[in-house]
Amino acid sequence: MKRSIIKLDNVWKIYRMGHVEVNALQGLNLDIKEGEFVALMGPSGSGKSTAVNMIGCLDVPTKGKVFLEQHDISKLSESELAQIRGRKIGFIFQQFNLVPTLAAIENVMLPMIFQGIPEEARLKKAKELLELVELEDRMRHRPSELSGGQQQRVAIARSLANNPEVILADEPTGNLDSKTGANVLDFLDKLHSEEKKTIIMVTHDANLAKAAERTEFLKDGKIVRTSNNRRSG
Amino acid sequence: MNIYEIKYAFQNLRKRKLRSGLTILSILIGITAIFALLSFGIGIQRYVDTLADEAGRDKLFIQGKGIGAPGTDENFFLAKEDVDFVSKIKGVNEILGMYFKVVEVKFNDQKRFLFVSGTDTSKIGFMEESFSIKVIKGRKLKEVDSDKVALGYNFQFPDKVFRKTVRLGDKIELNGNRYEAVGFYEEVGNPQDDTNLYLTDKSFEALFPDSKDKFGFVILSSQKEVKPSELAERIEEKLRKFKNEEKGKETFFVQTFEDALATFTTIINVINGMLVLIALVSLVVAFVNIMNTMYTSIIERTKEIGVMKAIGAKNSDILIIFVVEAGLIGLIGGLLGVLLGYIISSIGGNIAAASGFALLKPAYPLFLIVGCLIFSFLVGAAAGYLPARRASKLKPVDALRYE
């Protein structure tokens with residue numbers, strides 16, 4: 001039995017909008033094991049984004065517990081969460097979210113700066129990672145000088161900066177055409193198969209979800225169905 | 001502080017050139033004014049210090065209480081008997097009563113009213129030491145020089161006192177009597193002293209018979225073991241009794257050179273301080289301006305802040321990033337302000353020198369430059385603190401969602 005890396009245990013998230021309470025998550029249970037590639041699917045309003053926030057330690061639940069490597073993080077402070085996020089989780093966003101004023105290599109170095117890694121080491125690592133995503137000739141380019149696919153590859157390199165166990169990709173191909181999207185997906189696949197990363201991918205595209213070993217379907221703030229894909233086992 | 005933060009801040013400022021530029025301009029103005037004013041203030045202070053050192057801190061002077069400079073008011077003087085009396089007071093070393101008067105001076109059919117002094121030739125050395133001036137061309141006056149005159153620095157140049165340059169041997173008329181120029185004094189740095197005419201006491205008395213034994217200005221030095229300030233008090237008390245005057249209603253006053261210079265510096269410092277205060281108000285405006293710029297910048301970069309938090313930036317990281325950025329705005333403004341202030345005060349100093357006020361010479365000590373830079377950085381950083389705090393407290397979830 002593989003070690004559980006992220007576990008959501010009966011997680012509730014209740015937003016208060018004026019006098020109305022919105023239950024974004026209603027007892028979500030999710031257990032993701034080390035080295036898994038899991039897709040998270042669900043229609044809009046299913047609580048997908050809120051679930052991502054919980055998995056990514058961006059927010060804490062109203063009720064229930066979130067475990068990261070068996071540690072309960074539901075009661076941690078914002079700065080403690082930030083440190084954990086920086087070390088354990090690599091984010092890939094739909095809109096790439098690179099810092100526009102920084103060159104590609106500086107964007108990749110950014111997470112390492114927040115972990116206090118010395119300049120020389122982060123420069124070396126950032127170069128390696130940009131080579132990995134085949135962008136070694138674009139290191140000094142600003143995001144605005146890169147195509148969407150290239151930007152997302154920089155974002156992938158950035159997500160790997162602190163060598164996290166988990167890559168959390170939120171609609172990583174949502175802003176890309178199908179060809180570049182497939183290319184980005186290939187990289188994620190490579191990270192899973194070669195680097196043995198745990199990958200959690202949020203998507204609304206059933207075809208993309210097929211790349212994962214397991215797909216979890218979310219509706220009304222909880223998992224309603226799980227399907228194991230061809231590669232599982 | 002991290003090199004990355006500085007670089008990141010720089011790039012952000014560059015990206016928003018116009019806004020950064022305008023904000024920098026607002027702090028630049030204040031720092032320019034402060035730097036220029038302080039460089040003059042320090043320059044004057046230094047001039048005064050040198051003056052005190054050169055004249056000697058053992059010097060005192062006695063003057064009739066009147067309005068205006070000695071020589072302009074006929075009613076205020078010290079009589080020869082007063083001077084003789086003071087010379088006998090314990091602690092007095094050397095003493096010299098000087099005549100001062102305004103006189104009509106004519107040279108080449110051009111007339112001007114200027115100050116003329118009359119000095120006992122045996123004590124010219126003492127006078128020169130006290131005023132820290134030396135003859136730089138020609139020679140000083142001798143006892144027999146009944147028709148000779150020594151001149152202030154400015155006479156040597158055309159259009160400064162007279163249209164024509166005065167040369168050694170030239171004849172100058174004072175109230176219709178002709179005198180030959182025998183020497184020129186070095187520059188003092190203010191137009192009054194640099195246009196002064198120097199006669200011997202004998203020729204002064206011949207020119208103004210009514211003023212004989214009525215001195216406008218008395219200089220004296222204290223003996224080594226005596227404190228000049230104590231001597232000043234003693235002289236004041238004894239001379240008051242001698243002249244039979246009531247305390248507080250004296251017709252004269254005694255002051256050490258050092259005190260006189262201190263009074264002068266105090267006045268200058270107060271004026272300068274007021275101007276600096278006004279300049280500080282402009283920095284308050286700059287402060288608000290930087291704050292506003294930072295708030296706007298943070299709203300624009302909300303999503304960026306969210307991303308940075310998502311990838312591991314702690315609240316303190318975000319705080320530092322924005323405080324550094326605001327500080328950098330201040331520092332750049334300060335750097336340019338110091339530069340512009342330097343240019344302005346240099347030009348100002350040259351203009352002052354050209355109009356005869358060479359004493360208004362700005363000084364640029366390192367502490368002034370570094371102080372201005374640190375100060376401008378701190379103003380910026382302080383202005384950025386509240387906006388940066390707001391940025392640091394943004395919730396990553398909300399910030400990421402911000403469009």
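Points worth noting:
- Placed amide H near B:D170: partners under 5 Å, 5+ positions off or other chain: B:A181
- Relative to the Cα centre, the charge distribution of the stretch A:27-109, modelled as +1 at Lys and Arg Cβ and -1 at Asp and Glu Cβ, gives a dipole magnitude of about 160 debye.
- For chain B, the alpha carbon convex hull comes to 177 Å³ per residue, rounded to a whole number.
- Shielding by other protein chains, A:152-159, mean Cβ within 10 Å: 1
- Label zone at B:R401, where the point sits 7 Å out along the Cα-to-Cβ direction: the stretch A:151-181 residues whose backbone N lies under 17 Å: A:170-171
- Rounded to the nearest 20, the size of the Cβ-charge dipole of the stretch B:269-403 about its Cα centre is 300 debye, with Lys and Arg at +1 and Asp and Glu at -1.
- DSSP bridge orientation in the stretch B:142-269 - percent antiparallel, rounded to nearest 5: 60
- B:E237-B:D109 FRET efficiency (beta carbon distance; Förster radius 45 Å; 0.05 resolution): 0.30
- Sorted by Cβ density within 10 Å, fewest first, the residues B:T302, A:T50: B:T302, A:T50
- Here the dipole of the protein assembly as shown is about 2100 debye; that uses its Cα centre as origin and unit charges on the Cβ of Lys and Arg (positive) and Asp and Glu (negative).
- Taking each of B:K59/B:K202; B:K59/B:K140; B:K106/B:K134; A:K13/A:K88; B:K212/B:K241; A:K88/B:K17 in turn, the alpha-carbon distance tops 28 angstrom for A:K88/B:K17.
- For A:H19, A:H192, order by how many other beta-carbon atoms lie within 10 Å, fewest first: A:H19, A:H192
- Between B:R16 and B:S229, the contour length at 0.36 nm per residue exceeds the alpha carbon distance by 70.5 nm.
- FRET efficiency, 1/(1 + (r/R0)^6) with R0 51 Å, evaluated for B:K7 and B:E54 via beta carbons: 0.50
- Computed extension length for B:Q192-B:E81: 37.1 nm, one decimal, from 0.36 nm per residue of separation with the Cα-Cα distance subtracted.
- At least 30 Å along the helix axis (C-alpha) and Kyte average at least -1.0, DSSP helices within chain B: B:17-55, B:257-300, B:315-354, B:366-392
- Reciprocal of mean inverse Cα separation for chain A (Kirkwood radius, Å): 18.1
- Our note on the geometry: Cα centres of the stretch B:183-240 and the stretch A:143-218, 93 Å apart.
- Shielding score for B:299-311, defined as the mean number of other chain Cβ atoms within 10 Å: 6
- Candidates A:T62, A:T198, A:T215, ranked by Gaussian network fluctuation over chain A, Cα under 10 Å, top entry: A:T62
- Mean separation of Cα contacts under 8 Å, 6 or more apart, over the residue count of chain B: relative contact order %: 28
- Projected label distance in nm at A:N175 and A:D189, using a 7 Å step from Cα toward the beta-carbon: 2.4
- The distance separating the Cα centre of the stretch A:11-86 from that of the stretch B:24-63 comes to 66 Å.
- Measuring between their Cα centroids, the stretch B:105-125 and the stretch B:330-352 lie 40 Å from each other.
- Spin-label proximity, B:R163 to the stretch B:81-114 - amide N less than 18 Å from point 7 Å beyond Cα toward beta carbon: B:105-113
- Other residues within the sphere of radius under 12 Å centred on the Cβ of B:K148, judged by their own Cβ, net out at +1 (K and R +1, D and E -1).
- Over the stretch B:198-349, relative contact order from alpha-carbon pairs under 8 Å, at least 6 apart, %: 12
- Between A:N10 and A:V22, full extension at 0.36 nm per residue minus the direct alpha carbon distance yields a gain of 2.7 nm.
- Mean partner shielding of peptide A:178-185, defined as the number of other chain Cβ atoms within 10 Å of each residue Cβ, is 0.
- Protection proxy ranking, highest mean first, for peptides B:148-155, B:185-192: B:148-155, B:185-192, where packing is the per-residue count of other beta-carbon atoms within 10 Å, averaged.
- Within chain B, DSSP assigns beta bridges of which about 80% are antiparallel (rounded to the nearest 5).
- Antiparallel DSSP beta bridges within the protein assembly as shown, percent to nearest 5: 70
- Cα-Cα over 32 Å, subset of A:K48/B:K7; A:K2/A:K48; B:K148/B:K214: A:K48/B:K7
- The GNM of chain A, with springs linking C-alpha atoms under 10 angstrom apart, assigns the highest mean-square fluctuation among A:A169, A:A182, A:A161 to A:A182.
Taken together, the values in this text are just the output of simple stated rules run on the coordinates, not laboratory data. The model shown is predicted, which means the values in this text are computed figures rather than measured ones. We place every Cβ from the backbone using ideal geometry, glycine too, and count neighbours over all the protein chains shown.
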